[in-house]
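The values are calculated or read from the model by the stated rules, or taken from the named source; none is laboratory data. Everything quoted here is computed from the prediction, not taken from an experiment. Note that we place each Cβ from the backbone using ideal geometry, even for glycine, and neighbour counts take in every protein chain shown. We work out accessible area using only protein heavy atoms, side chains counted, and drop any ligands, DNA or RNA first. Shrake-Rupley method; radii C 1.70, N 1.55, O 1.52, S 1.80 Å.
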Amino acid sequence: MIDAHIHLDQYSDTELDKCIPEWQAARVGAVIAVSMNLASAHRTLELKKRYPDFVYAAIGYHPEQPFPHPAEIEEIFSLIKQEKEKLCAIGEVGLPYYSPHAGAWAEAYGELLGQFAALAAETDLPLVLHAVHDKAEPALEIILAQGVCKAHFHWLKAPDDVIDRIIRCGYYISLTPEVCYRKRDQRLALRVPLSGLLLETDGPWPHSGPFTGKRTTPLFLRDSIATVAALRGLAFAEVAASSTRATQKLYGIPEACSYM
Ligand SMILES: [Zn+2]
């Protein structure tokens, strides 16, 4: 199993030193650790150094934050170029939707996403996207315009026709543990072909339903796999294998890190 999207930098060193061996013992082979901003990118790179075969690092700027200062953008871009060999992706990037300032920032973030997309196309790194509801389609247009080949729409919520376009473009879509208790995500689990379906936790983001009050960790992947398997009438092992393979393929993770 691989957690296809987690904010690992938001867990303390003490927690990670204790938990990563437990996650590995539970057959979590790797995680895709995304960044929020420059400080988060530096911490994520440190974690990559500390757990090189378990952490696969991505650098970006999350769009649900105040628009970054040009100096921070510049530093993030040069860090991506400089550390390219240590990265598995550019992200998390995208368009704001939840922020109360989403409207005011929309244009600036659209431009910034275009720049990240151009760098993704140039470096051949996959793009990790936060682009939900009515922001999924404009984000799709932006990355297509820049010739992005590899992209992951994480925790996607979007109209069916947009979901289908994303699938036709060969991009990847992930489900969070919300699939265990929310109809919308369960419909998505049935709509996306297994070859393009990833599983993530977005940890430490707290989830509801059966996960209420529990610390979000990659251990939740097992519940998501069981739910997707039940929904699709497949064996647990089949969904574990397909989601692991899809994550390995997109992010270039060696097979030894699969575990299942
Ligand atoms: Zn995230």
(request) Give me the accessible area per residue for the chain, probe 1.4 Å, as a whole number in Å². (result) 42
(request) Sum up the charges of everything whose Cβ sits under 10 Å from the Cβ of Ala39, counting Lys and Arg as +1 and Asp and Glu as -1, but leave Ala39 out. (result) -1
(message) Using only the Cα atoms of region 1-131, what semi-axes does the equivalent ellipsoid have when each is the square root of 5 times a gyration tensor eigenvalue? Give whole Å, largest first.
(response) 26, 16, 13
(message) I want the local charge near Asp164. Using Cβ-Cβ distances under 14 Å, sum +1 for each Lys or Arg and -1 for each Asp or Glu among the other residues.
(response) +1
(message) What's the whole-number percent of alpha carbon pairs in the chain lying beyond 28 angstrom?
(response) 27
(request) Return the tail of the calculated pair distribution for region 165-225, meaning the percent of Cα-Cα pairs more than 20 Å apart. (result) 26
(request) Kindly provide the trypsin sites (Lys or Arg not before Pro) of region 26-91 that DSSP labels as loop, not H, G, I, E or B, and whose Cβ sees at most 10 other Cβ atoms within 10 Å. (result) none
(message) If the reach is capped at under 17 angstrom between alpha carbons, list the lysines near Lys84, excluding any in the same chain fewer than eight residues apart.
(response) Lys48, Lys49, Lys150
(request) Would you give the gap between the C-alpha center of region 21-93 and the C-alpha center of region 168-227, rounded to a whole Å? (result) 21
(request) Could you look at the chain and say what percent of its accessible area is carbon and sulfur, using a 1.4 Å probe and all protein chains? (result) 54
(request) Restrict the search to region 176-260; then list the trypsin sites (Lys or Arg not before Pro) that DSSP places in a loop and that have at most 15 other Cβ atoms within 10 Å of their Cβ. (result) Lys214, Arg215
(request) Please list the helices of the chain that count as membrane-span-like by this rule: a mean Kyte-Doolittle hydropathy of at least 0.0 together with Cα atoms stretching 27 Å or more along the helix axis, each helix being a complete DSSP H run. (result) 102-123
(request) Among DSSP beta bridges whose residues both lie in region 2-257, state the antiparallel percentage, nearest 5. (result) 0
